[in-house]
């Protein structure tokens, strides 16, 4: 009896463990116009992240494309 | 991996190994890979929302981060790279990002009030944000071409693509004053649009176009 109860409890516990806690949907962000504008400003930190993102995701041949400096060359 | 330079007069990247210009469509192809990664991230974030693993506010924040990354890279790629971006260019980019944030805010509100159900359509709509950086690339490029004296533009349809009616009509208009054709993303195909623009100006009595070679 005791053993059956323990097994039953373990089974229930397993089911609970397998079921992830659902995060409530909640409310969307509530940003004022000024906050929305501020959020859209591209900062130095954003640029550094975008540089990394480009290097990680552009085709290998173009990893350093955006590191271009001005040149008089080209035809 | 070649090194690249930026020729300001031509408004073109240069492959410094070959000395040849890099075409705008090649640059955009490179950007497509970056945008695709961004779209995959947006899809993953949206799937987390559908699985109730994150809240709506967390989803919105994650989407905003991805939007900014993609549009920042798109702007720099259109403008000759990081070193050529001025404060004015970043300001222009910020305004385009803000527009995307406004769209996203409406989208989030629709989810919150039930107008947009928590279903697969969210993934479809999220994907449009991943594609929107293409519009930023073309808008920045138009700005650059205008600064370089180009005064006419025409829409080039995607080769072998299933172009929408709006894009076909825009392309049929041929050469028009720069800035007067609809921007990328304004037709029925929305941000999925893969059209490009070509620019030209009259120099010494002859048309000079923005066409280049690899």
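Each value in this text was obtained by applying a stated rule to the coordinates, not by laboratory testing. Predicted model only: the values in this text are computed from it and were never measured. Cβ atoms come from the backbone with ideal geometry, glycine included; neighbour counts cover every protein chain shown.
When we screen A:39, A:68, A:50, A:58 for residues that are touching a helix residue (DSSP H, G or I) at 6+ places or on another chain (Cβ under 6 Å), closer than 18 Å to residue B:89 by Cα and within 7 Å of chain B (Cβ to nearest Cβ), the only hit is A:50.
Scanning the range B:109-124 for residues that are closer than 16 Å to residue B:66 by Cβ and crowded, with 17+ Cβ neighbours inside 10 Å yields one hit, B:122.
Of the residues making up the range A:38-54, those that are loosely packed, with under 15 Cβ neighbours inside 10 Å and either over 20 Å from the mean Cα position of the chain (by Cα) or outside any loop (DSSP other than H, G, I, E, B) (or both) number 5. Annotation: residue B:106 fulfils all but one of (1) more than 9 Å from chain A (Cβ to nearest Cβ); (2) buried (at least 17 other Cβ atoms within 10 Å of the Cβ); (3) free of Cβ contacts under 8 Å to residues at least 60 places away in the same chain; the unmet one is (2).
Among the conditions (1) within 8 Å of chain A (Cβ to nearest Cβ); (2) more than 25 Å from residue B:43 (Cα to Cα); (3) in contact (Cβ under 8 Å) with a residue 12 or more places away in the chain, the only one that residue B:82 does not satisfy is (3).
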